[in-house]
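The values are calculated or read from the model by the stated rules, or taken from the named source; none is laboratory data. For clarity, every value in this text was computed on a predicted model and none was experimentally measured. Ideal geometry is used to build each Cβ from the backbone, glycine not excepted, and the neighbour counts take in all protein chains shown. For accessibility, only protein heavy atoms count, side chains too; no ligands or nucleic acids. Shrake-Rupley method; radii C 1.70, N 1.55, O 1.52, S 1.80 Å.
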Amino acid sequence: FKGGDTCEYLLSSGRFLGEKVWQPHSCMMHKYKNSEAKNCLVDKHIVFIGDSRIRQLFYSFVKLINPQVKEEGNKHGNIPFEDKSSSIKVDFLWYPEVNGSMRQRIKSWTEGSVAKPHIIVVGAATWSIKIHNGSNEALTQYKINITSIAPLLEKLATSSDVYWVLQDPVCEDMLSDSRKMITNEKIDAYNEAAVRILNSSSRNSKAKVKVFSVSKLIAQETIMKSADGLHLPESSRDTNAMILMNVYCNKITKPIDGSCCQPEPPLTLIQKLAFCFFTLSIIGYLIINLIHRNNFRKNKSCTDLESGEEKKPSISTPNVSTLEMLLHSFCKLGLIMTYFYLCDRANLFMKENKFYTHSSFFIPIVYILVLGVFYTENTKETKVLNREQTDEWKGWMQLVILIYHISGASTFLPVYMHIRVLVAAYLFQTGYGHFSYFWIKGDFGVYRVCQVLFRLNFLVVVLCIVMDRPYQFYYFVPLVTVWFMIIYATLAIWPQIVQKKANGNCLWHFGLLLKLICLLTCIYFLSYSQGAFEKVFSFWPLSKCFELNGNVYEWWFRWKLDRYVVFHGMLFAFIYLALQKRQMIAEGKGDPLFSNRVSNVLLFISIVSFLTYSIWASSCKNKTECNELHPSVSVVQILAFILIRNIPGYVRSVYSSFFAWFGKISLELFICQYHIWLAADTKGILVLIPGYPMFNVLVSTFIFVCVAHEISQITNDLAQIVVPKDNSTLLKRLLCIAGFFSGLLLFSAMQDQSRH
């Protein structure tokens, strides 16, 4: 389903999500702040012409620029407004009827060197119905007058934005006796006349008067809340003003969460090169595949016509070559990236705003938890945080985070605080997993580092190129990448202390603890010294990776939010492995982790701690204050969960294969959701099938999960080719990768220069 003209949809169709949130058909509406409205309308002149209903729209529009404006002054006269700081002029001109006076005023803007308004909003009819008691003669005269005004408006539309506001329906039962003649039947007749006459003579699509008919739909839902049955309630007027702001400003300010009226972004040089690369990969793979098929036909078994015996081919089928695997992977990746681009950069599919309700978040949560319990299997090993268990943990956390994102639950603070713990738990696993590997294996080789960095960053680098987004935009990957390097540096720097060395002399344990204390000191210093942090990451080319909107503040905020949890993961791994080495914990199948008494006490403390944190998080009133405490206290719920999950022997011996399956592709799911499940860079929801929200989510989710699984396989295949075990070959590959990124930085600098 094509997105079509989103401006047309914004002005003419939509529906309410809940009571106050308006959802235009097919696109997303941005909620403009005062500063954004001023930046868009700087040096602009806007004019509202009409009756009391247009005056209401005028005031709602002006309040988007200055919320302090009060609705006072002559109700049946002109009302000026000026914001001197931004040189914005907004005028309301009192013309309650479409007549000669209105025509004369509009005509004055079409003649000579008179400055034309940039935006003109016109609308009137109810006064004509009221004054002439709803007579047919008044309607005939209205048609004649609007016919004379239409060419003038179309002429103005060549250089200005002109909007004709259709008349809203009324609540006839609430109208006063002096307005009883204003019926919805009469209003429909006047609206029909205006729509038929306007633009009837215009052949130029640019010289079109835009019909603002969406106000009618809004009024149909809200007019019952009107004070007099004629004028809209304030919330509806504000919605109309916001629609008007989106129609004009979205193409200027280009907000991420405002897809209505935004043109498709032009392809950058890097995107064009990526397109050529993937096209060549597809062609190359098809050619190789065709050659192999021809060879297979020549060498396949054939029947000897004379003897009737089957001859075997003399040449055995060759193994898949590295080149073929490489082209095959890039071929699939190219098709997938095309889908990414079509979903979130081309105006092909529709996008909608999120709208949070408790049921939209909690019902899917209950559903997946039931599914997860249904797929319970025995683990291969019963160690604490074994592979199946960590995959399961990642899986259910990722599914909860996905539901959190698509339901827009970030607006509900208790849910937001619990999701922050899940993100922290991912980083805790990063600290635990990498520390355990380096401590036990003692492998600090370049191969290991390159493998991890490639698997973490491959998809994000490709998306940065294809979707024209900065690296920091996918904040979680830079976060885990930097923390991996910090863990590596902490343990690899002299003296390298590993388990094998520490077993020979207990003093090495104190040496490692000293290293961890130094790491904690550095983390503490950087978290409270924004200037020092920004200096570290503001050096080129690091700044290209960590800047967002021209500065590294967002990166500092993200890093600071979970600054201690990786350290906690490393410390937990150290303590656990030390206890395991000294056989102070029992990890047999069905055995509790400690003695029964100790296990029961720890289990009780863990459950109380877990619930205490949830109660605190649920009682949060201020996001800023809770975020300040989060880095220090999030580890409480994480450790409580680990102990609850691992102390009872039976619980430690089983896992959910359903959650574990998703856990294996959790990174790909987290990144892919940005563009092919959500939309407008996570601000909205992708709509493949309009009109059927539940069916749309099912279809888009199925495609999204399949794509994430496929990308995980592609990444694993390419990791074997790009990062070989042979050191000399690996060094050559690293030089090639360095050359690639140098070229990428050069092209990026050229793009930035051309944009400026």
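Can you give the longest run of the chain that contains no GluC sites (Glu not before Pro) sitting in a DSSP loop with at most 13 other Cβ atoms inside 10 Å? Before the final figure, lay out each step's value.
Working: sites that count: Glu19, Glu72, Glu111, Glu306, Glu309, Glu381.
Value returned for the longest uninterrupted segment is 382-756.
State the antiparallel share, in %, of DSSP beta bridges confined to the chain, rounding to the nearest 5. It would help to have the intermediate numbers written out before the result.
Values: 21 of 39 bridges.
The antiparallel fraction comes to roughly 55 percent.
Between helix 413-441 and the chain there is an angle of about 30 degrees, using the helix long axis and the longest principal axis of the Cα atoms.
The angle between the Cα long axis of helix 136-156 and the main principal axis of the chain comes to about 60°, on a 0 to 90 degree scale. To the nearest ten degrees, helix 234-253 and the longest principal axis of the Cα atoms of the chain are 70 degrees apart. Protein-only accessible surface at a 1.4 angstrom probe places the residues Phe533, Phe610, Phe662 in the order Phe610, Phe662, Phe533, largest first.
With the crude spin-label approximation of a point 7 Å out along Cα→Cβ, what separation in nm comes out for Asn551 versus Glu625? Computed distance between label sites Asn551 and Glu625 equals 2.6 nm.
Per-residue surface analysis assigns Val400 an accessible area of about 20 Å², computed on protein heavy atoms at 1.4 Å probe radius.
Relative to the Cα centre, what is the charge dipole magnitude of the chain, using +1 at the beta carbon of each Lys and Arg, -1 at the beta carbon of each Asp and Glu, and rounding to the nearest 20 debye? Mind dumping the intermediate values first?
Numbers: 76 positive and 57 negative charges, 280 e Å.
It comes to approximately 1340 debye.
The modelled label-to-label distance between Arg387 and Ile283, using points 7 Å beyond Cα along the C-beta direction, is 4.2 nm.
So how do Ile365, Ile243, Ile605 rank on accessible area, 1.4 Å probe, biggest first, that is with the largest at the start? It would help to have the intermediate numbers written out before the result.
Working: Ile365 25, Ile243 0, Ile605 85 Å².
Order by accessible area, largest first: Ile605, Ile365, Ile243.
Of the trypsin sites (Lys or Arg not before Pro) in region 702-756, the ones in a loop by DSSP (not H, G, I, E or B) with at most 10 other beta carbons within 10 Å are Lys725. Computing semi-axes √(5λ) of the Cα gyration tensor in Å directly from the structure and comparing it against [x] 57, 30, 22; [y] 59, 34, 26; [z] 44, 32, 26 singles out [y]. In the chain, a dipole from Cβ-located charges (positive for Lys and Arg, negative for Asp and Glu) runs towards its positive end, and of Leu232, Gln751, Met397 it is Gln751 whose Cα lies farthest in that direction. Just to confirm my numbers, what's the Cα centroid distance between region 680-756 and region 367-389 in Å? Computed from Cα coordinates, the inter-centre distance equals 30 Å. By accessible area, using a 1.4 Å probe on protein heavy atoms only, region 6-253 has 48% of its surface on carbon and sulfur.
Give, in nm to one decimal, the length gained when the segment between Thr140 and Phe702 is fully stretched (0.36 nm per residue of separation minus the Cα-Cα distance). Don't skip to the end; give the middle numbers.
Values: separation 562, 0.36 × 562 = 202.32 nm, distance 5.66 nm.
Net length gain for the segment: 196.7 nm.
How far is the Cα center of region 30-88 from the Cα center of region 561-610, in Å? When both Cα centres are located, 62 Å separates them.
How long is the gain from Ile605 to Val651 if the chain were fully straight, where each residue apart is worth 0.36 nm and the alpha carbon distance is subtracted? Walk me through the intermediate numbers first.
On the way: separation 46, 0.36 × 46 = 16.56 nm, distance 1.74 nm.
Contour length minus the Cα-Cα distance gives 14.8 nm.
Take every pair of alpha-carbon atoms less than 8 Å apart whose residues are at least six positions apart; their mean separation over the length of the chain yields a relative contact order of 15 percent. Applying a DSSP loop filter and a limit of 13 other Cβ atoms within 10 Å to the trypsin sites (Lys or Arg not before Pro) in region 585-622 leaves Lys589, Lys621. The modelled label-to-label distance between Ser85 and Ala578, using points 7 Å beyond Cα along the C-beta direction, is 5.7 nm. In this calculation the C-beta distance from Asn184 to Val69 is compared with R0 = 35 Å, giving a FRET efficiency of 0.65. Over the C-alpha atoms of region 1-79, the Rg to Rh ratio, Rh being the Kirkwood estimate, stands at 1.02. Extension gain, Glu192 to Ala749, is 195.1 nm, computed as 0.36 nm per intervening residue step minus the present C-alpha separation.
FRET efficiency for Ala346 and Thr147, Cβ-Cβ distance as r, R0 = 51 Å, nearest 0.05?
On the way: r = 40 Å, r/R0 = 0.79.
That gives a FRET efficiency of 0.80.
The percentage of C-alpha pairs in region 6-253 whose separation is greater than 26 Å is 36%.
Set the Cα radius of gyration of region 94-225 against 2.2 N^0.38 Å, with N its number of residues, and you get 1.09.
Calculate, for Ile585 and Val482, the FRET efficiency according to 1/(1 + (r/R0)^6) with r their C-beta to C-beta distance and R0 35 Å; round to the nearest 0.05. Efficiency, from the Cβ-Cβ distance: 0.65. The candidates Arg53, Arg196, arranged from most to least accessible area with a 1.4 Å probe in the full protein assembly, appear as Arg196, Arg53.
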